[in-house]
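Below is one structure, written out as structure tokens; the observations come after it.
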Amino acid sequence: MNSKNRIVVFLPLIILILTVVVLIVVIEVPRIFRKTKPRDHLAGAFLANKIIAISEKSLKDNDSSDSINQNSTNQNSSGKQIEQQTSGDGSSNINPEESQDPSSDSASSDPIDQQDLTEATTEAENIDLDKIETMIKMYDYDRALELLKKYPDQNDQRIPELTLDIKNGKNNTVLKNPLENTHIFFHSLIYDTAKAFDDDYKAAGYNQFMTTCLEFDRILEQLYERDYVLVAMHDLAKLETDENGNQVMVPGKIYLPENKKLLVLSVDDVNYYEYMEEDGFANRLVLDQNGNVTCSMVNDQGMTILGDYDVVPILNKFIENHPDFSYRGAKGILALTGYEGALGYRTDERYKDTNPNIDSDIAEAKKVAQALRDTGWEFASHSWGHVDMNIITFENFQEDADRWEKNILPIIGETDIMIYPFGSPFSWSIDDYNYDNQRFAYLKQKGFDYFCTVDGSTNYTTSIRGDFLLQGRRNLDGYRMYYNPELLDDLIDTDYVLDENRPLPVPPL
Ligand SMILES: [Zn+2]
């Protein structure tokens, strides 16, 4: 064989080898880049993964109710109350540990490697200087700086100004004491006072326990004027694993200007119960055409119309206009029972024969819940049947928790906050919050770490002990505003807030 023939014979082999080499380069190089992608871009994907993990968890937990006593033997939560120190002089303010802030935890704790490179690129392109400006107003300085550094056009004239805002903002903050927070709560708001206060058998209850949309507007205005700032429950404290492998509730590090005061807000019974129909309340939380959460209601002509008829859209708008009312985008906690479904959708298994749209309602409620979570709202359990946890038998207690988990958790996602119905805890003694108490053990096993009662007696009622947080909440309803305005002096001026359309006197209890 001469040399020319030899080349002809080996040519296909050479082409094959070259093709393999090219393929390896094409496939492997992007994979290497993908592994080095910063995790902070993945918060969204992390959320999506978490939802999947939740449904798996709920199945598992349903099968493991026998294991409570095993959990209870080797854990002890009777630590002493943690005294959180406020920063003494408030002069030098930037703490080196600030980079471990809660907002970055969620994005950095779970490694996710299998995402597309394109996601990171798109985020860089989507960085919006207006959004960064809002972040700065919401005291989220580290995240704002991080995004600003990634902004594609570093010559933009707003960059020096925003960088200075971040620096000045940070220098102006001090470490707050998370125990010094006020937790206020509401029920669904009355938007049509004529319908709510129409002298039917429910009118007295609405007058005592509800707040009107107008009153809520005025309350927000006053809280803002008085330097309150909304924080998330998970900003106050978080569970961490200590060096012995025990779960410990660790006070959060919240940095705010000296004059700002911590505020937590919750809304009970965000279920839009059947009894409220035609009484001047919203009937559902829904997504509008832009994907924003708003309320729907049925007007006198029987048409469903959308608008700001309850806490969620009203507070969203208020924060849009006053971003400095929210610490890092915190909104409020929505507490749901289960027996009439979620968020106004009749999704409970009780409705499977009577609600022909139950599947699409479940799907819709899930979308709304996700949109709420994405925009700073948190969820809480308010029990399935609005039960008094202090009175019911342990068997009913377990059944109720199981039903909530089965029907509501798949819609709203995992939650670790328990807001007691009637404000009535399984025990009024904080010493019962340990694993020898079967009710505490059961709630812990179901994933609850934050527990809320009702307590309007003092301004600050938060305890952080062992592996839980316990706090009282203050009602800003008709009864409290009318009969005990002095108890609300630090928050609002009730003479200004009370709706002119609320019939007075508020009926006594
Ligand atoms: Zn309730």
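So the values come out like this:
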{"read-out": "Efficiency of FRET from Cβ geometry, D402 and E180, R₀ 35 Å, rounded to 0.05", "value": "0.45"}
{"read-out": "Two-site label geometry, A203 and D242: point separation in nm, points 7 Å out along Cα→Cβ", "value": "5.7 nm"}
{"read-out": "At R0 = 51 Å, FRET efficiency that the Cβ-Cβ distance of N357 and L164 yields, to 0.05", "value": "0.45"}
{"read-out": "Ranked list, fewest to most other Cβ atoms within 10 Å of each Cβ, for V229, V311, V298", "value": "V298, V229, V311"}
{"read-out": "Euclidean distance of C-alpha centroids, the stretch 224-264 and the stretch 316-344, integer Å", "value": "17 Å"}
{"read-out": "Residues S427, S326, S266, sorted so that the one with the fewest Cβ neighbours within 10 Å comes first", "value": "S427, S266, S326"}
{"read-out": "Net length gained if the chain between E500 and L129 were fully extended (0.36 nm per residue, minus Cα distance)", "value": "129.3 nm"}
{"read-out": "The stretch 179-497, relative contact order [Cα under 8 Å, separation at least 6], %", "value": "22 percent"}
{"read-out": "Kirkwood Rh and Cα Rg combined as Rg/Rh, the stretch 179-497", "value": "0.95"}
{"read-out": "Within the stretch 274-316, backbone nitrogen closer than 12 Å to the virtual label 7 Å beyond the Cα of A371 toward Cβ", "value": "285-296, 306-307, 313"}
{"read-out": "Neighbour-count order for W384, W377, fewest beta carbons within 10 angstrom listed first", "value": "W384, W377"}
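Each reported figure results from applying straightforward, stated rules to the coordinates on display, with no laboratory input. Keep in mind that what you see is a predicted model, and the values were worked out from it rather than measured. Glycine gets a Cβ as well: all are built from the backbone with ideal geometry, and neighbour counts include every protein chain shown.
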